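For reference, the structure I am asking about is given below.
The values are calculated or read from the model by the stated rules, or taken from the named source; none is laboratory data. Since the structure is predicted, the reported quantities are computational estimates derived from the model, not experimental observations. A quick note on method: Cβ atoms are made from the backbone with ideal geometry, for glycine too, and the neighbour counts reach across all protein chains shown.
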Amino acid sequence: MSSQESFNMQHNQDKASLLERLIFNNRPAVIGICVLVSLFLFWQAMLIRPSTSFEKMIPLEHPFIQNMIEHRNDLANLGNTVRISVEAKDGDIFSKAYMETLRQIHDEVFYIPGVDRSALKSLWSPSVRWTEVTEEGFAGGEVIPQTYDGSPDSLEQLRNNVLKSGQVGRLVANNFKSSIVDVPLLESYPDPNDPGRQIKLDYQAFSHQLEDLIRNKFEAQNPNVKIHIVGFAKKVGDLIDGLMMVVMFFGIALVITWVLLYWFTWCIRSTIAVLITTLVAVVWQLGLMHAVGFGLDPYSMLVPFLIFAIGISHGVQKINGIALQSSEAENALTAARRTFRQLFLPGMIAILADAVGFITLLIIDIGVIRELAIGASIGVAVIVFTNLILLPVAISYVGISKKAIERSKKDATREHPFWRLLSSFASPKVAPVSVLLALAMFGGGLWYSQNLKIGDLDQGAPELRPDSRYNKDNAFIIDNYSTSSDVLVVMVKTPTEGCSVYKTMAPVDELMWKMENTPGVQSAISLVTVSKQMIKGMNEGNLKWESLSRNPDILNTSVSRAEGLYNADCSLAPVLVFLNDHKAETLDRVVDAVKAFAAEHDQEGLEFLLAAGNAGIEAATNEVIRSAELTILILVYLCVAVMCMITFRSFAATLCIVLPLVLTSVLGNALMAFMGIGVKVATLPVVALGVGIGVDYGIYIYSRLESFLRAGLPLQEAYYQTLRSTGKAVLFTGLCLAIGVCTWIFSAIKFQADMGLMLTFMLLWNMFGALWLLPALARFLIKPEKMAGTQSKSIFAH
Amino acid sequence: MNVFTASVLLSLGLGLFAATAGAADDGPTPQTVYSQTSNKASHSLLIDIAKAGPRLVAVGERGHILFSDDQGQSWTQARVPSRQLLTAVYFADAKHGWAVGHDAQILASSDGGATWSKQFEDPSRESPLLDVWFQDTRHGLAVGAYGSLFETTDGGAHWQDVAERLDNPDQYHLNGIAAVKGAGLFIVGEQGSMFRSRDAGQTWEHLDGPYEGSLFGAIGTARADTLLVYGLRGNLYRSSDFGSTWQAIALQGERGALEFGLASATLLEDGSLVLVGNGGSVLRSTDDGQSFSVFNRPDRIALSGVSGQADGQLILVGQGGARLATATGAARAQP
């Protein structure tokens, strides 16, 4: 160590805080610890798996969901079924070739692991029968008799049997151009190699098997058939496939950021240093997520992107600072130390603001949102170590290229026409116009966002895009069969053996009629539906008997075939209400109708409980979202405002920083209304994330602006100086953040695309708002002449 | 007899016992429950349709009674003190009509079907009434399940159980009652049972019919002593001597013999007959029921009632409510 160097050290130590000394006097130890931690957490991160736990996506504490979970076993039969519709492109299903393909598909499906073979149903199942009333009573047989040989005669017989089977609209399409293979699934099944062991159904593998063994194989084998597949398992399989694509997005974001970063720094060494420390942050975050027991679900997948983007933006601030310092400091170490000293606190404040935004999300009672909040908070905490500490230490070793230092030296002195132009936002002429314009946008945004809806608005599976294969298949089945994909289940609870007594069934019948008379309801079915049909059947198909019987024995007999419409001990009977759609107003209307009915008819031994079914879950989710929406907004703004007040000790400063964010939130709501995106599990966090991250810009800009004002510069000149020193970094930060999340717009998963779009908008517009509106507000709210020469009260003051 | 019928009969015994026991103490009368007004009522299950002067009146599930003053183009829901499935309606004149149904309910209207009052009910019987006929506004008869037969001679102020007038030891369901021109009354029921009365229902004669299966209804044609009875699986018989002898009427559908049950019939003003039934079956005869043309609607909807307009067009009721149809039974566009 030369004497010059040791003198510098001594000089540095004088002003250095304890933390700085601790870090920079033990640089090898810092690097070493980080490497060790990274190795451990990298191993942890490798173990993280996609998880699509159903329970984490629903509000578990909501009474609807509690009811559903309590009676989950009783509702088992309603659950996990995949339906494969085999369409004949030319002609109808009554052809030899079609029936042969259908038979092969039935057999192929039979052998896919996880299929409940005993309940597999298609026209080829012996259990699918026709019945007819004759003078002797019921007559019946298999729809496809043993004598079937594909001849025109046997196809004609098949057509008659199908008509008599009552399967039109269920197993056979209303137009006879397709039929369904109904595939009930087992959540877990015995291992064929080790019968004692249970294997849990792997939805992704199952979904791939359906694609390979059924869709691809048979569409190739018989060009006249088209296969449509729907069901929870297929949907989840497609979702997980969509998640895999997101990994690719991460690569794309990485490459774009790398190019941008190089363009910004002109230094390959620091570019790599920033990228690596940021990737270390991502690895730490993923590793910690796994260490605390979380998986990667479609929502928390956003977190690595956010952490990457936030990390890069802090890295850029650091590099910017070090480059500026390097032109004065004699070596990289000194430059790094000075930058650390200068930027650690504002960096901490910004990260704290992010974390505060994330933490507010914890009040929403939905697992995936809570995990997102915790994951993101862990992530930003990690950034403190990697980008605020590790990065300066790393740069102190590798240094910054001469070219970059030259450039930043030149930048510091030359005139910037672009920043000069932007600084006019603070001029007395432009500022009023800006403020009026902002007010107009605020008013317009508020007015338009009245159209904002709660919940999912598209047809079909809301998780996937409306034009995805799954949703096209779903639309095909809805169009051609008497069925709807939006089902709300009301659970009718009685004492044991109470579900099939007249006292229960008559009110259930009334409930069904009330439901069918509620706008948005297509139809309702329950054991009453089956009972009435059976009683009619017992009475020779005479419509005059299509009614419940007061006779207990008749009623009991009549529900014997209503499998799945009551539980094993006949204490719970679901009423399935099929809806036109799952829009919030439809769900509200139906839920209100059921609640009113329950209030009137609930009595000892008879309870009408909400709710199961996908529409029931959505109704519960909507209620939670609706009650949390305003709370989240108030809380996040309160937190951010308090942060600003603590930081700057100035009411005016707080307004200057927070008001542009408010405008962004309002415009964001209007954008959602315009794009037909509802407020839902996926978009609610965006509000908090957008505000939490968006406040960074304001903090960076205002802290510089304030220091120039105190130096006695007039507002517009002070703003010009602010832009010249941090404008580029702010602009770059905004771009980095936007790039990090905008790749999501291309996700196959609809809500990820919605999140990507909304976050991109909020992050870009927050940056724009900080650059444009903050100085205009400052023109009205801040008196530069009073600030000149005074000591700052802000915590950045030295 | 099949298993179902056996269990039904067994439980009936218990039911009757319970009824007697219950009748002893008169509990508080439950508050009258009216049918719910619904704009879906005209699309709900409707069982029977009748003319009240120029007005059409249809009855069906959940106590729905609807009337139309424009030949079925639009329907208005009547105020009805019932939520049970109503199975038959009959108007003695343009004002006075009766409807019967489950819980052995008998409802009456004296204003052409706009408002109704309950004249009789007995839920404890656990058996529905299935058809009703009135001679004038005073004297009427209602038939139903397990051999039920009720009579009134005072316009329904009192209804009397007169089931013992029939020789029906097995208590077969009585599905339909009809008047035969110049002859008397005719009742058909389960297992091909049939009864005739020449004295307006005071005494009944049991007949051995031509058919073992259930008969769902009977209708007198335009000619004296002539009637048709119809039932399961397209079985249709004609008698021109008030049921003493029968001719089977063969019914040929598009794909062979008609196999659907026939539920109801009507005699049009021009003397032609229309029958309807399951599988969207609409049958028409212009030779007093000696032969029928057969049409099966493509919707295969189960039909259970029919009324004809002066121009020969039809109004059908059944699953899915009331429908306008052409003279053949094909769908007619709603204007």
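Please verify whether A:Thr726 is free of Cβ contacts under 8 Å to residues at least 24 places away in the same chain and closer than 25 Å to A:Gly347 by Cα, treating the condition exactly as stated.
When the stated conditions are applied, A:Thr726 does not pass them.
Hey, any hits in the range A:87-99 for a residue that's buried (at least 19 other Cβ atoms within 10 Å of the Cβ) and either modelled with pLDDT under 85 or assigned to a helix (DSSP H, G or I) (or both)?
Looking for residues that are buried (at least 19 other Cβ atoms within 10 Å of the Cβ) and either modelled with pLDDT under 85 or assigned to a helix (DSSP H, G or I) (or both), one finds at least one in the range A:87-99, hence yes.
Select from the range B:298-320 the residues that are of a type outside the set (A, V, I, L, M, F, W, C) and under 22 Å from the mean Cα position of the chain (by Cα) and list them in ascending order.
Across the range B:298-320, the qualifying residues are B:Arg300, B:Ser304, B:Gly305, B:Ser307, B:Gly308, B:Gln309, B:Gly312, B:Gln313, B:Gly318, B:Gln319, B:Gly320.
Determine, yes or no, whether A:Thr518 is within 25 Å of B:Arg83 (Cα to Cα) and more than 14 Å from chain B (Cβ to nearest Cβ).
Answer is no for this residue.
Within the range B:216-236, can you find the residues that are more than 14 Å from chain A (Cβ to nearest Cβ) and of a type outside the set (Gly, Ala, Ser)?
Within the range B:216-236, B:Ile219, B:Thr221, B:Arg223, B:Asp225, B:Thr226, B:Leu227, B:Leu228, B:Val229, B:Leu236 qualify.
Can you name every residue in the range B:102-127 that is hydroxyl-bearing (Ser, Thr, Tyr) and either within 13 Å of chain A (Cβ to nearest Cβ) or not in a strand (DSSP E or B) (or both)?
The answer is B:Ser110, B:Ser124, B:Ser127.
A follow-up question, please. Which of the residues belonging to the range B:64-96 are part of a strand (DSSP E or B) and within 24 Å of B:Gln313 (Cα to Cα)?
Passing the criteria: B:Ile65, B:Leu66, B:Phe67, B:Ser68, B:Thr76, B:Gln77, B:Thr87, B:Ala88, B:Val89, B:Tyr90, B:Phe91.
In the range A:458-500, what residues are touching a Ser or Thr at 6+ places or on another chain (Cβ under 8 Å) and of a type in the set (Val, Ile, Thr)?
Hits for the range A:458-500 are A:Ile477, A:Ile478, A:Val492, A:Thr494, A:Thr496.
Something else about it: Can you name every residue in the range A:587-605 that is in contact with a Pro (Cβ under 8 Å, 6 or more places away or on another chain) and either at pLDDT 90 or above or within 17 Å of A:Glu516 (Cα to Cα) (or both)?
A:Arg589
Here is a yes/no grid of residues against (1) away from chain A (no Cβ under 14 Å); (2) at pLDDT below 90; (3) over 29 Å from B:Phe67 (Cβ atoms):
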site	(1), (2), (3)
B:Phe242	yes, no, yes
B:Gln247	yes, no, yes
B:Ala250	yes, no, yes
B:Glu269	yes, yes, no
B:Val276	no, no, no
B:Asp287	yes, no, yes
B:Gly320	no, yes, no
B:Gln334	yes, yes, no
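For the range A:108-141, which positions are closer than 15 Å to A:Leu163 by Cβ and at pLDDT 85 or above?
Across the range A:108-141, the qualifying residue is only A:Leu123.
Can I ask one more? Can you say whether A:Val640 is in the same structural domain as A:Phe732 (by TED's automatic domain parsing) and among the β-branched types (Val, Ile, Thr), as far as the supplied structure shows?
It is false that A:Val640 is in the same structural domain as A:Phe732 (by TED's automatic domain parsing) and among the β-branched types (Val, Ile, Thr).
Something else about it: Picking from A:Leu163, A:Leu213, A:Leu158, A:Leu185, which residue would you name as being aliphatic (A, V, I, L, M), over 16 Å from A:Phe476 (Cβ atoms) and at pLDDT below 80?
Result: A:Leu163 is the single residue among A:Leu163, A:Leu213, A:Leu158, A:Leu185 that is aliphatic (A, V, I, L, M), over 16 Å from A:Phe476 (Cβ atoms) and at pLDDT below 80.
When the residues of the range A:547-565 are narrowed to those that are within 16 Å of B:Pro123 (Cα to Cα) and at the interface with another protein chain (Cβ under 7 Å from one of its Cβ atoms), which ends up surrounded by the fewest Cβ atoms within 10 Å (Cβ to Cβ)?
If we take residues in the range A:547-565 being within 16 Å of B:Pro123 (Cα to Cα) and at the interface with another protein chain (Cβ under 7 Å from one of its Cβ atoms), then A:Asp553 is surrounded by the fewest Cβ atoms within 10 Å (Cβ to Cβ).
Only one of A:Asp458, A:Asp486, A:Asp467 is buried (at least 20 other Cβ atoms within 10 Å of the Cβ) and charged (D, E, K, R). Can you tell me which?
On inspection, the qualifying residue turns out to be A:Asp486.
Okay, moving on. Can you name the residue in the range A:525-546 that is among the aliphatic types (A, V, I, L, M), more than 10 Å from chain B (Cβ to nearest Cβ) and surrounded by fewer than 24 Cβ atoms within 10 Å (Cβ to Cβ) and, of all such residues, is nearest to the chain's Cα centre (by Cα)?
Top of the filtered list is A:Ile525.
Here is a check on your reading of the model: is A:Leu671 closer than 25 Å to A:Leu638 by Cβ and surrounded by fewer than 22 Cβ atoms within 10 Å (Cβ to Cβ)?
It is true that A:Leu671 is closer than 25 Å to A:Leu638 by Cβ and surrounded by fewer than 22 Cβ atoms within 10 Å (Cβ to Cβ).
Can you find a residue in the range A:525-541 that is in contact with a Pro (Cβ under 8 Å, 6 or more places away or on another chain) and closer than 30 Å to B:Gly176 by Cβ?
Within the range A:525-541 (the criterion being in contact with a Pro (Cβ under 8 Å, 6 or more places away or on another chain) and closer than 30 Å to B:Gly176 by Cβ), the answer is no, since none of the residues qualifies.
Kindly evaluate A:His228 against the criterion of being more than 14 Å from chain B (Cβ to nearest Cβ), buried (at least 20 other Cβ atoms within 10 Å of the Cβ) and modelled with pLDDT of 90 or more.
Yes; evaluated as a whole, the condition is true for this residue.
Taking A:Ala718, is it modelled with pLDDT of 85 or more, buried (at least 24 other Cβ atoms within 10 Å of the Cβ) and touching a Phe, Trp or Tyr at 6+ places or on another chain (Cβ under 6 Å)?
Spelling it out, A:Ala718 is indeed modelled with pLDDT of 85 or more, buried (at least 24 other Cβ atoms within 10 Å of the Cβ) and touching a Phe, Trp or Tyr at 6+ places or on another chain (Cβ under 6 Å).
Failed condition for B:Leu16, given (1) more than 22 Å from B:Leu267 (Cα to Cα); (2) within 13 Å of chain A (Cβ to nearest Cβ); (3) at pLDDT 90 or above, with all others met?
(3)
Only one of B:Asp170, B:Asp103, B:Asp93 is more than 26 Å from A:Met538 (Cα to Cα) and acidic (Asp, Glu). Can you tell me which?
Answer to the selection: B:Asp93.
Right, here's the next one. Any idea which of A:Ile745, A:Ile701, A:Ile693 is surrounded by fewer than 21 Cβ atoms within 10 Å (Cβ to Cβ) and outside the structural domain of A:Met348 (by TED's automatic domain parsing)?
None of the other options fit; the residue is A:Ile745.
Closer than 25 Å to B:Phe216 by Cα and not acidic (Asp, Glu): is that true of B:Gly63 in this structure?
Yes: the conditions hold for B:Gly63.
Now for a separate question. A:Gly734 - would you say it is crowded, with 21+ Cβ neighbours inside 10 Å and at pLDDT 90 or above?
The answer is no for A:Gly734.
Considering only the range A:643-674, state which residues are under 24 Å from A:Ile369 (Cα atoms) and at pLDDT below 90.
A:Met643
On the given criteria, is B:Lys118 surrounded by fewer than 19 Cβ atoms within 10 Å (Cβ to Cβ) and closer than 25 Å to B:Asp287 by Cβ?
Criteria not met by B:Lys118.
May I pose another question? Condition check: surrounded by 15 or more Cβ atoms within 10 Å (Cβ to Cβ), within 14 Å of chain A (Cβ to nearest Cβ) and modelled with pLDDT of 90 or more. Does B:Ser304 satisfy that?
The answer is yes for B:Ser304.
Counting residues that are more than 21 Å from B:Leu215 (Cβ to Cβ), which strands (runs of 3 or more DSSP E) fully inside the range B:229-313 reach at least 1?
Ranges flagged: B:293-296, B:303-308.
Right, here's the next one. Look at the range B:128-141 and say how many of its residues are assigned to a strand (DSSP E or B) and more than 13 Å from B:Ala179 (Cα to Cα).
Count: 2.
Restricting attention to the range A:586-624, and to residues there that are in contact (Cβ under 8 Å) with a residue 40 or more places away in the chain and among the acidic types (Asp, Glu), which single residue is nearest to A:Glu463 (Cα to Cα)?
My answer is A:Glu618.
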